[in-house]
Amino acid sequence: MRWTHTLIPTLREAPAEAEIVSHQLLLRAGLVRKLAGGVYSFLPLGLRALHKVERIVREEMDRAGAVEVLLPALQPPEIWQQSGRYETARHVLYKVYDSARREWVLSPTAEEVITLLAAAEIQSYRQLPKNFYQISVKFRDEIRPRFGLMRAREFIMKDAYSFDVSDEAAQESYRRMYEAYTRIFARCGLRTFPVEADTGVIGGSLSHEFMVPAETGENEVAYCEGCGYAANVEKAVSAAPAAAPETSGGSTPAPEKFPTPGVQTIEDLTRPPYGIPAARQIKTLVYIVESRPVLVLLRGDDQLNEAKLAARLGTTVFRPATPEEVYATLGAHPGSLGAVATTLADRAVPVWADERLRGATDMTTGANEDGYHLRHVNVARDLRVDQWADLRTVRAGEPCARCGQPLRIRRAIEVGHVFKLGTKYSEKLGATFIDESGVRRPCVMGCYGIGVTRTLQAVIEQCHDADGIIWPVSVAPYEVCLTPLQVAEDSPVWRAAQQLYAALVEAGIEVILDDREERPGVKFKDADLVGFPFRVNIGEKSLARGEVEIKRRAGGLETVPVGQAADRVAMLVREARAGRGGTTGDSGRF
RNA sequence: CGGAGCGUAGCUCAGCUUGGUAGAGCACCAGCUUUGGGAGCUGGCCGUCGCAGGUUCAAAUCCUGUCGCUCCGACCA
């Protein structure tokens, strides 16, 4: 390809709209252009890199035994109602209307379609297992599109769905996908780490996310360097001490009401004249769960983890109560709330409490009377708790639940997610089969996603320097950039470049020839910005010595005789292709 | 959905406070010079100042509304 033939609109300066480096480089290198917030056009180079990622995904999915299909993006809302997700996923569903005013849903994912397909086409255990995948455009009405391709309204996802006869068989399908994902990201030149994950609105029993460590990531991962434990903080647990230590010595006196005028927060009570440490307070939250109030109790210095709460409640349809709703529920306003049995009286509100409160004594909590709190509260004796659960968010430094070493927390980008779904969808949508003994049973499912466009940007986020992108060979838009410093038809430099170009194309190398009439500095800067793994400089001076330069974007320069240049470059490219993709990934642990 | 900031040339931005009819750098076009890390000189092109309404003799500038973009938040009572 000649540079002037394609379109590579590089930018010297980063557009103001781009905050993070990978987003800036996507735009500066001329890979994508924004049409609207969270909606992007792929330009020729961006599309080539995207196709490379897709090809790796296809090869590994095929190798793992999945078969490719293509499912509709335009879906009838009825199937979403059938699965129950028309409601639970309503905030991400784009809805469109045809000329007959009929509603359609733009697919954010395809469990419904594929499960209905399996329901229609799979009848016998003899047809199982099956694993279907597709690579297609997905639509999500994101609350807040961000960071270019990272969180977009329209994006490309690889989604796969496995159907098995039993839980054990489904476990094997899950394992195969897990391994395929590990290979896919490694081949893309990414260092990724599988971490335990929450299953969210998708549902299911077991789940891992594949994370790329990055300060700009939207997820937090808790991990242990001692034993290798790693989990999304939405899911992570620790061995934090279960109860605050006793401060009053022996047995605690009965709860005592005391005035706390103006106190609104945990922090207010930690200050004089009260001086009550947050760890000795009980935080009382009121949530509206499917239109009914629920109390959630935590230690004052702990944070509620809504993902854990959702998992325990079995629904994502909940929100914090408004101050008016709080008053209607407890007869007091936020700041004076509590769950001491005597102050709840006959109020029929379920109380959930975090495990860390179990057995705590001499605690302070609101009295359900504005401007008053209770001290000397003994959790086991005084509180009315209906459900105990792990509801808190772990914090860095807490001991690992497995080995006791301190947990660390790092931000990361989620590029892949695997779920063991069980029979949630197959039961609702009728994906059943007849087993060996003639019994009809629901298929046991798994689903597996890779954000293909996000993966591409994650590669840039991880592989760049001050000059631009440093593409791993496996996903580079072109493997080699030929940079002749003269392009006059009759110049020896141009003739040598053309010969080298022809020889490399003949050798099956993906090469772009910078045939622009630009000064050397401009060509070098652009090639570095776009990030081609290899650049061959052909200049008058070195050519006069019969030599050209081969420069690696990742670092390294060698001079070779012009006659050997094609063979040498082809060899270097093949070596790089055979490697893991350009960066050396350490494996296994976060 | 709440909060904040920003919309002026393809890109980065100035001008707005104090109203007087639009600028710089880069990019682009032409010419000359230059030619190994984003060249120099000369000339040129490019704008309904996001949109709509209002105030005014006069609006990029002041007011109102609206749309868009970006960031923060949308657990911590």
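Among the residues of region A:308-346, which ones are outside any loop (DSSP other than H, G, I, E, B) and either more than 11 Å from RNA strand B (Cβ to nearest atom) or at pLDDT 85 or above (or both)?
Answer for region A:308-346, where residues must be outside any loop (DSSP other than H, G, I, E, B) and either more than 11 Å from RNA strand B (Cβ to nearest atom) or at pLDDT 85 or above (or both): A:Lys308, A:Leu309, A:Ala310, A:Ala311, A:Arg312, A:Leu313, A:Ala328, A:Val340, A:Ala341, A:Thr342, A:Thr343, A:Leu344.
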Study note, to complete from the structure: Within region A:59-76, residues over 13 Å from A:Asp159 (Cβ atoms) and surrounded by 15 or more Cβ atoms within 10 Å (Cβ to Cβ) come out as A:Glu60, A:Ala64, A:Gln75, A:Pro76
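Yes or no, residue by residue, for (1) out of contact with any Leu (no Cβ under 9 Å at 6 or more places or on another chain); (2) surrounded by 14 or more Cβ atoms within 10 Å (Cβ to Cβ); (3) closer than 26 Å to A:Val32 by Cα; (4) hydrophobic (A, V, I, L, M, F, W, C):
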{"site": "A:Glu112", "(1), (2), (3), (4)": "no, yes, no, no"}
{"site": "A:Leu128", "(1), (2), (3), (4)": "yes, yes, no, yes"}
{"site": "A:Phe139", "(1), (2), (3), (4)": "no, yes, yes, yes"}
{"site": "A:Ile156", "(1), (2), (3), (4)": "no, yes, yes, yes"}
{"site": "A:Glu179", "(1), (2), (3), (4)": "yes, no, no, no"}
Review point. What's the number of the condition A:Lys525 fails, among (1) touching a strand residue (DSSP E or B) at 6+ places or on another chain (Cβ under 6 Å); (2) closer than 21 Å to A:Thr10 by Cβ?
Key: (1)
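Within region A:375-395, how many residues turn out to be of a type in the set (A, V, I, L, M), in contact with a helix residue (DSSP H, G or I) (Cβ under 9 Å, 6 or more places away or on another chain) and closer than 24 Å to A:Pro253 by Cα?
Within region A:375-395, residues that are of a type in the set (A, V, I, L, M), in contact with a helix residue (DSSP H, G or I) (Cβ under 9 Å, 6 or more places away or on another chain) and closer than 24 Å to A:Pro253 by Cα number 3.
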Revision key, fill the gap. Going through (1) near RNA strand B (Cβ under 10 Å from one of its atoms); (2) in the same structural domain as A:Ser166 (by TED's automatic domain parsing); (3) not hydrophobic (A, V, I, L, M, F, W, C) one by one, A:Gly446 fails only at (1)
**Study point:** Output for region A:425-454, where each listed residue is in contact with a strand residue (DSSP E or B) (Cβ under 8 Å, 6 or more places away or on another chain) and more than 20 Å from A:Tyr174 (Cβ to Cβ)
**Key:** A:Thr432, A:Ile434, A:Asp435, A:Arg440, A:Val452, A:Thr453, A:Arg454
Exercise for review: Select the helices (runs of 4 or more DSSP H) contained entirely in region A:1-106, then report the ones holding at least 2 residues which are within 19 Å of A:Ile470 (Cα to Cα), away from RNA strand B (no atom under 16 Å from the Cβ) and touching a residue at least 12 places away in the same chain (Cβ under 8 Å).
Suggested key: A:44-63
Review point. Taking A:Gly555, is it of a type outside the set (A, V, I, L, M) and touching a strand residue (DSSP E or B) at 6+ places or on another chain (Cβ under 7 Å)?
Key: no
Review point. Which of (1) in contact (Cβ under 8 Å) with a residue 60 or more places away in the chain; (2) assigned to a helix (DSSP H, G or I) does A:Lys523 not meet, given it meets every other one?
Key: (1)
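Report yes if some residue within region A:483-492 is farther than 30 Å from A:Phe210 by Cβ and assigned to a helix (DSSP H, G or I); otherwise report no.
Looking through region A:483-492, at least one residue is farther than 30 Å from A:Phe210 by Cβ and assigned to a helix (DSSP H, G or I).
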Revision key, fill the gap. Those residues of region A:523-546 which are more than 8 Å from RNA strand B (Cβ to nearest atom), buried (at least 20 other Cβ atoms within 10 Å of the Cβ) and under 13 Å from A:Val493 (Cα atoms) amount to A:Val536
Exercise for review: Six or more apart or on different chains, Cβ under 6 Å: which pairs go from a residue in region A:258-270 that's farther than 14 Å from A:Thr284 by Cα and among the hydroxyl-bearing types (Ser, Thr, Tyr) to one that's in a helix (DSSP H, G or I) and more than 8 Å from RNA strand B (Cβ to nearest atom)? Could you list them?
Suggested key: A:Thr270/A:Ala278
Review point. Wholly within region A:359-478, which helices (runs of 4 or more DSSP H) include no fewer than the required count, namely at least 3 residues that are within 28 Å of A:Asn232 (Cα to Cα)?
Key: A:424-429, A:452-462
Exercise for review: Please find, within region A:506-522, the residue that is nearest to RNA strand B (Cβ to nearest atom) out of those that are surrounded by 15 or more Cβ atoms within 10 Å (Cβ to Cβ) and within 19 Å of A:Pro533 (Cβ to Cβ).
Suggested key: A:Asp514
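The values are calculated or read from the model by the stated rules, or taken from the named source; none is laboratory data. Just so it is clear, the structure is predicted and the values come from calculations on it, not from any experiment. Reconstructed Cβ throughout: ideal geometry from the backbone, glycine too, with neighbour counts over all protein chains shown.
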